[in-house]
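Novice: Sharing a structure here in structure tokens format.
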């Protein structure tokens, strides 16, 4: 189930964001995520910075910690993988109507970016990943991921999504035996979502 709330990390510097996560991991807070997420939210005033209520901010931080820890655990295996894919949510496209020239392939299913808009974050993410040798899938939903990954013999995968969907994706990757890395959407909401390209580049 996707979050019932919308978050936006654009008001939080990415350096501070990663510092929060690294601090949590280094102090072992991930071992007691449900107890310590509240401490992190209050310490760094994440609820105030994102505009979320305390309960939603805690749920978000719990998922973020789990994603960060899984990224660290899986990193070595992921770096050894040769054939890799990037999965990006289609809702990050600049336009979700006919102004977007992406071709949709219902057999996969995925959108194929045609680089029609230089300002489109999906175009930028696609270009970045392809320079690093990734196959890129702009997917309409998380349910497409298993079909894509099982049918293409990928050895590693990077997924961009909100925290709860990344947590579910990691469970899928564990089941099918593929090391993965997760990149949290900078802003969720199923439309006008946003990806921090620095965060993506760091993971790729």
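Nothing in this text is a laboratory measurement; each read-out follows from the coordinates by a stated rule. Everything numeric here is computed off the predicted structure, so don't read it as measured data. In this analysis, Cβ positions are derived from the backbone assuming ideal geometry, glycine residues included, and neighbour counts consider all displayed protein chains.
Novice: Which of 164, 119 has the fewest other C-beta atoms within 10 Å, and how do the rest follow up to the most?
Specialist: Ranking 164, 119 by Cβ neighbours within 10 Å, fewest first, gives 119, 164.
Novice: Can you say what percent of the DSSP beta bridges in the chain, counting only those with both residues inside, are antiparallel? Round to 5.
Specialist: Working: 6 of 20 bridges.
Percent antiparallel among DSSP bridges in the chain is about 30.
Novice: Relative contact order for the stretch 14-203 using alpha-carbon pairs under 8 Å, separation at least 6, rounded to a whole percent? Could you put the intermediate results ahead of the total?
Specialist: Details: 280 pairs, mean separation 42.8, N = 190.
So the answer I get is 23 percent.
Novice: In cubic angstrom, how much convex hull volume per residue do the alpha carbon atoms of the stretch 98-198 span?
Specialist: Each residue corresponds to 107 Å³ of Cα convex hull volume.
Novice: Roughly how tilted is helix 121-131, in degrees to the nearest 10 and between 0 and 90, from the longest Cα axis of the chain?
Specialist: The angle comes out at about 70 degrees.
Novice: Starting at 0 and stepping by 10 Å, how many percent of the alpha carbon pairs of the chain end up in each bin?
Specialist: Going from the shortest bin to the longest, the percentages are 8, 36, 37, 17, 2.
Novice: Please find, in a Gaussian network model of the chain (springs between Cα atoms separated by less than 10 Å), the residue of 188, 53, 36 whose mean-square fluctuation is greatest.
Specialist: 53
Novice: On alpha carbon coordinates alone, what is the Rg over Rh value for the stretch 46-101, Rh being the Kirkwood radius? Walk me through the numbers before you get to the answer.
Specialist: Details: Rg = 16.9 Å, Rh = 14.8 Å.
Result for the stretch 46-101 is an Rg/Rh of 1.14.
Novice: Any idea how far the Cα center of the stretch 35-67 sits from the one of the stretch 101-124, in Å?
Specialist: Each part's Cα centre sits 33 Å from the other's.
Novice: Highest GNM mean-square fluctuation, the chain, Cα pairs closer than 10 Å: which of 147, 93, 11?
Specialist: 11
Novice: Mind sorting 199, 118, 10 by how few other Cβ atoms lie within 10 Å of their own Cβ, fewest first? Intermediate values should be presented prior to the final figure.
Specialist: Details: 199 18, 118 9, 10 13.
With the fewest neighbours first, 199, 118, 10 line up as 118, 10, 199.
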